[in-house]
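Working notes, beginning with the structure itself.
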Amino acid sequence: MSKYLEKIESPEDLKKLKLPDLELLAREIRERLVQVVSVTGGHLASSLGAVEITIALHYVFDCPRDKIVWDVGHQAYAHKVLTGRNSEFSTLRKMGGLCGFPKRSESEYDIFGAGHASTAVSAAMGLCAARDLHGGGEKVIAVIGDGSLTGGLCYEAFNNAGNRARNLLVILNDNEMSISRNVGAISAYLTKILTSQVYNRVRTDMQVIVKSIPAIGDRLFNTARRLEESLKNMIVPGILFEELGFRYFGPVDGHDIGKLIEMFDRLKKIEQPVILHVVTRKGKGYVHAEQHAEYFHGTSPFDIGTGKPKKESTGLTYSEIFGSALTELARGDPAIISISAAMSHGTGLGVFADEFPTRFFDVGIAEGHAVLFAAGLAAGGYKPVVAIYATFLQRAYDQIVHDVCLQKLAVVFAVDRGGIVGADGSTHSGQFALSYLRHIPNLILMEPADARELVGMLRFALSSGKPSAIVYPKGDMGKAVKLDDAELIMSGKARLLREGRDVSLVAIGQMVRTAEEVAQNLAREHRDAAVINARFVKPLDVDTICEAAKATRRLVILEENAIQGGFGSAVLEMLAERGISDVETLCIGIGDQYVEHGGRQELLAALGLDSGSVTRRIKERFWPSSQRK
């Protein structure tokens, strides 16, 4: 039983505690986070690192009047338990329970929803403008991670906010690691700063001071080097943010609650845009998360004592199969390049990066740049493969349209986490992937039904010489697939899996398996269903689908995607163009809604996409009860 946490129903209760009590509270919060996430899974390491920051924020500021905007939301679990949701925290990421990210509909303390990085400063600036327009005086605080600084959107906001925002505090939580280790422009920019006249003038002055000390040989030289490193830490970040119009303070120890409270008390009185640089340790307080921060960034349920997953995997994931296949293909083709946006291991590219380090590029949390960078590689004669989650690739839509497909550049998009993603919920749902990709000219769009098709599609895409996208889901799929065992994929060709005379089921991706189960269900009621694995969303296999439609006069299109603008829409448009109007049709997919968090099977049932629900819908549509056999 906790001594302090159980008594906190709101930040007002927190303010009654003394500093030693707050330090004990931090320990209790960490124990609570580890306990719950070990059961539910979730984003643990970042939240463990931000406990003291969260306590100090709610201790000093008057929330929700003062407004905290969390970037991404991976670091906001302590915020949830301190704002009246501790008793519900065990429902984290479960269907009907707490969301894994800040969510406006969940609490008045969740000022702005978060799921994609680099957004907090822009949102906070909007809140500042709204406050000023209605004459308010509240403080707006944006809490960002160092990984956010690899995203261009963050700099657009900094550039604007430094000149316009008032009473804005940005807290940079620097744990030296986003999801994959930070890379890119920040390091290059700081290197440029180190060569500036300002830095070197101070450096020279410091050297003069040091050299004035009586000669002590090597110790003097080592002291000078340590002083130079101190200069880098004290001066360089300040120059960067001061040039953007912010007053810079820090770095400070992000695990020293007393120091954080003191700094926040001082900074709350400054009305200029301010950035406080806070250094923390990801996974703080749980040894396994400290040692393996990337794994515990987003973890499945685990054993607290060992840190190992509770449930052994039933097989390789689609991501792992993709990464293994791409690596095998790259061994025979030196033109193949892989690109990640800070998700090298999440997308299965870790094995490729290890074997071909000079042909692997992690560009940071910068999806638009990743795609445009790939376009440049393709224009230079290489075969780039961009592996990004479907929800994050949305951020690069313009680059896909304008820079890749318009120019017919042979970039391959490995679109991971298509369809339902489960516990990560609406901010990470891949339900729009087919919809936002299929209408783009010159783009080949595929979705595999199994691992053999995934590998076959990857090989086909790399040999096509055209822009291509392969959308595949999250989840285990079985054993690795060798290239010799991969499915042979031909452009725009579907596969007839089962013949039938009463209804034709045309399915894509994970819904192919569902279609086969539905056909078996219907067969038990003496209804004969054909099943087609479409494989291609674009180009469609027009002949196979039209023949099936004409043969049965009943056509059901199944997809794990938004119905609006998705695969079903493509089929209906094709039928209209062909003048085929005497066919009854039914589109089954995700309706006009966001998919919330929960278990995959629970969500499928709730959305009417499990085999039982689909069977019922087909019978109700084509064979009302009075006509059933």
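What the table below lists for this structure:
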read-out: Flag if K550 is in contact (Cβ under 8 Å) with a residue 60 or more places away in the chain and of a type in the set (D, E, K, R); value: no
read-out: Selected residue (only one of A142, A117, A124 is surrounded by 21 or more Cβ atoms within 10 Å (Cβ to Cβ), among the hydrophobic types (A, V, I, L, M, F, W, C) and closer than 21 Å to G425 by Cα); value: A117
read-out: Filtered residue count, the stretch 418-444, keeping only those that are under 22 Å from L377 (Cβ atoms) and in a loop (DSSP other than H, G, I, E, B); value: 4
read-out: Verdict on E547 being within 22 Å of Q601 (Cβ to Cβ) and acidic (D, E); value: no
read-out: Within the stretch 521-576, considering residues that are part of a helix (DSSP H, G or I) and either hydroxyl-bearing (S, T, Y) or in contact with a Phe, Trp or Tyr (Cβ under 8 Å, 6 or more places away or on another chain) (or both), the one nearest to G456 (Cα to Cα); value: T544
read-out: Candidate set from the stretch 318-359 (those that are of a type in the set (S, T, N, Q) and more than 17 Å from the chain's Cα centre (by Cα)); member that is surrounded by the most Cβ atoms within 10 Å (Cβ to Cβ); value: S338
read-out: Selection status of V60, surrounded by 15 or more Cβ atoms within 10 Å (Cβ to Cβ) and either free of Cβ contacts under 8 Å to residues at least 40 places away in the same chain or within 28 Å of the chain's Cα centre (by Cα) (or both); value: no
read-out: Any chance K259 is within 30 Å of A387 (Cα to Cα), modelled with pLDDT of 85 or more and either of a type outside the set (V, I, T) or not in a loop (DSSP other than H, G, I, E, B) (or both); value: no
read-out: Residue list for the stretch 288-315, filter: among the aliphatic types (A, V, I, L, M) and either outside any helix (DSSP H, G or I) or without any contact (Cβ under 8 Å) to a residue 12 or more places away in the chain (or both); value: A293, I304
read-out: Criterion violated by T54 - all others in (1) within 24 Å of the chain's Cα centre (by Cα); (2) in contact (Cβ under 8 Å) with a residue 12 or more places away in the chain; (3) surrounded by fewer than 24 Cβ atoms within 10 Å (Cβ to Cβ) satisfied; value: (3)
read-out: The stretch 15-30 residues that are assigned by TED's automatic domain parsing to the domain that holds H79, paired with ones that are surrounded by fewer than 17 Cβ atoms within 10 Å (Cβ to Cβ) and of a type in the set (K, R) (beta carbon under 8 Å, 6 or more apart); value: L24/K3; E28/K3
read-out: Single residue of the stretch 478-511 satisfying the filter (crowded, with 17+ Cβ neighbours inside 10 Å, among the hydrophobic types (A, V, I, L, M, F, W, C) and within 32 Å of the chain's Cα centre (by Cα)) that is farthest from I532 (Cα to Cα); value: V481
read-out: Hits in the stretch 601-616 (condition: within 17 Å of Q510 (Cβ to Cβ) and part of a helix (DSSP H, G or I)); value: Q601, E602, L603, L604, A605, A606, L607, S611, G612, S613, V614, T615
read-out: Odd one out for V415 among (1) assigned to a helix (DSSP H, G or I); (2) of a type in the set (V, I, T); (3) buried (at least 21 other Cβ atoms within 10 Å of the Cβ); value: (1)
read-out: E584 being over 21 Å from R495 (Cα atoms) and touching a Lys or Arg at 6+ places or on another chain (Cβ under 6 Å); value: yes
read-out: Among residues of the stretch 433-477, those that are of a type in the set (G, A, S) and crowded, with 20+ Cβ neighbours inside 10 Å, counted; value: 8
read-out: Among the residues listed as T91, T40, the single one being among the β-branched types (V, I, T), under 24 Å from H428 (Cβ atoms) and touching a residue at least 60 places away in the same chain (Cβ under 8 Å); value: T40
read-out: Enumeration of residues in the stretch 370-388 that are farther than 17 Å from A353 by Cβ and not in a helix (DSSP H, G or I); value: G380, G381
read-out: From G598, G579, residue being in contact (Cβ under 8 Å) with a residue 40 or more places away in the chain, outside any helix (DSSP H, G or I) and either in contact with a His (Cβ under 8 Å, 6 or more places away or on another chain) or not aromatic (F, W, Y) (or both); value: G598
read-out: All positions within the stretch 121-155 that are among the hydrophobic types (A, V, I, L, M, F, W, C) and either touching a helix residue (DSSP H, G or I) at 6+ places or on another chain (Cβ under 7 Å) or not in a helix (DSSP H, G or I) (or both); value: V121, M125, V140, I141, A142, V143, I144, L149, L153, C154
read-out: Filtered residues of the stretch 40-77 (kept if of a type in the set (G, A, S) and under 19 Å from V140 (Cα atoms)); value: A50, A56, G73, A76
read-out: Single residue of K466, K538 found to be closer than 30 Å to Q407 by Cα, in contact with a helix residue (DSSP H, G or I) (Cβ under 6 Å, 6 or more places away or on another chain) and of a type in the set (D, E, K, R); value: K538
read-out: Meets criteria (touching a strand residue (DSSP E or B) at 6+ places or on another chain (Cβ under 7 Å), under 27 Å from L607 (Cα atoms), in a loop (DSSP other than H, G, I, E, B) and touching a residue at least 12 places away in the same chain (Cβ under 8 Å)) for A449; value: yes
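Condition check ((1) among the charged types (D, E, K, R); (2) within 23 Å of the chain's Cα centre (by Cα)) across all residues:
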site: E559; (1), (2): yes, yes
site: E573; (1), (2): yes, no
site: A576; (1), (2): no, no
site: E584; (1), (2): yes, no
site: G591; (1), (2): no, yes
site: D610; (1), (2): yes, no
site: K619; (1), (2): yes, no
site: P624; (1), (2): no, no
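The values are calculated or read from the model by the stated rules, or taken from the named source; none is laboratory data. The model shown is predicted, which means the values in this text are computed figures rather than measured ones. Glycine also receives a Cβ, built like all others from the backbone with ideal geometry; neighbour counts cover every protein chain displayed.
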